[in-house]
Amino acid sequence: MSQSVAIIDYGSGNLRSVARAFERAASESGIAATINVTDEADIVAAADRIALPGVGAFAACMEGLKARDGVIEALEHAALVRRQPFLGICVGMQMLAENGLEFGDHAGLGWIPGHVVPIEAADVEIPHMGWNTVSGPARGGVSNLLDGKSFYFAHSFHFEPENDAHIYGVTDHGGERVAAVGRDNLLGVQFHPEKSQSAGVGLIAGFLKWSP
C-alpha cells in the first residue's frame with residue numbers, strides 16, 4: 001500500500017529538489033509513496049508523512065506558513081494529534097522552536113522548546129556553508145541515519161534546544177552546533193538532505209521507513 005507524503009509549499013525553498021530527493025529515496029528503497037508538494041490543508045491533515053522545507057529568514061518563512069489558510073492547523077493535527085512522522089529541513093527545522101531571533105524576535109511553532117539564535121564564532125565563516133560530519137546520540141531510532149555521515153549545510157542561525165534530550169545530532173563549526181533535533185514522531189535537520197547526495201537520500205529513505 002502506498003503511503004502519502006506531503007511536502008509543504010508555503011513559498012520557501014527549492015521544493016522540486018526536495019520532491020525529487022524523496023522520489024529517488026522511495027524508488028531506490030522500494031518504498032511505495034506518493035509525493036505531494038502542496039499547500040492544501042486537507043491533504044496535509046490526511047498525510048502519512050510530512051516534510052517542511054525552508055530556505056531564507058525565519059520570520060519570512062513563518063509568515064509564509066501562516067498565510068496558507070489552515071495549513072498550520074493541519075500540520076498540528078497530522079503531527080501532534082495523529083502523530084504522523086514529521087521532518088523539518090533547514091528553516092523548517094528551526095520553525096519547530098519557540099522563537100527565532102533573526103531580524104527581531106519572532107514566534108515559531110513551539111513544538112520543541114528552544115530558540116534559534118545567531119552563530120557566533122570568530123574563527124569561521126558565517127554563514128556556515130558546506131559539508132560537515134554529523135555525530136548523533138542514540139535517540140529516536142534515527143541515530144544510524146546521522147552518526148558519522150557528512151551533509152550539506154547553509155545557515156547563519158542555529159537551534160539551541162532547552163532540553164539536551166531533544167538534540168539528535170551535532171556538528172562542529174567554530175564550536176559544537178546542533179545539526180538535528182527531535183522528539184517522539186518529530187525530526188528536524190539543519191542541513192539539506194536534498195543537497196547531500198547519498199547520505200541525504202539515505203536519511204530520507206530512513207524517514208520514509210521510520211516508525212516512531
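The table below gives the values:
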| read-out | value |
| --- | --- |
| Residue check for GLY70: in contact with a His (Cβ under 9 Å, 6 or more places away or on another chain) and at pLDDT 95 or above | no |
| Selected residue (criterion: nearest to the chain's Cα centre (by Cα)) from residues of region 161-179 that are in contact (Cβ under 8 Å) with a residue 24 or more places away in the chain and closer than 20 Å to GLY56 by Cβ | ALA179 |
| Test: residue in region 197-212 that is touching a residue at least 40 places away in the same chain (Cβ under 8 Å), more than 25 Å from ARG16 (Cβ to Cβ) and surrounded by 15 or more Cβ atoms within 10 Å (Cβ to Cβ) | yes |
| Candidate set from region 139-176 (those that are part of a loop (DSSP other than H, G, I, E, B) and within 19 Å of GLY202 (Cα to Cα)); member that is modelled with the highest pLDDT | GLY148 |
| Listing of helices (runs of 4 or more DSSP H) fully contained in region 1-120 that carry 3 or more residues being touching a Phe, Trp or Tyr at 6+ places or on another chain (Cβ under 6 Å) | 58-67 |
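So that you can scan it fast, the table gives a plain yes or no per residue for (1) assigned to a loop (DSSP other than H, G, I, E, B); (2) in contact with a strand residue (DSSP E or B) (Cβ under 9 Å, 6 or more places away or on another chain):
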site	(1), (2)
PRO137	yes, yes
VAL178	no, yes
GLY182	no, yes
LEU187	no, yes
ALA205	no, no
LEU208	no, yes
SER211	yes, no
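The values are calculated or read from the model by the stated rules, or taken from the named source; none is laboratory data. Given the structure is predicted, the values throughout are model-derived calculations rather than measurements. Neighbour counts are summed over all protein chains in view; Cβ atoms, including those assigned to glycine, are modelled from backbone coordinates with ideal geometry.
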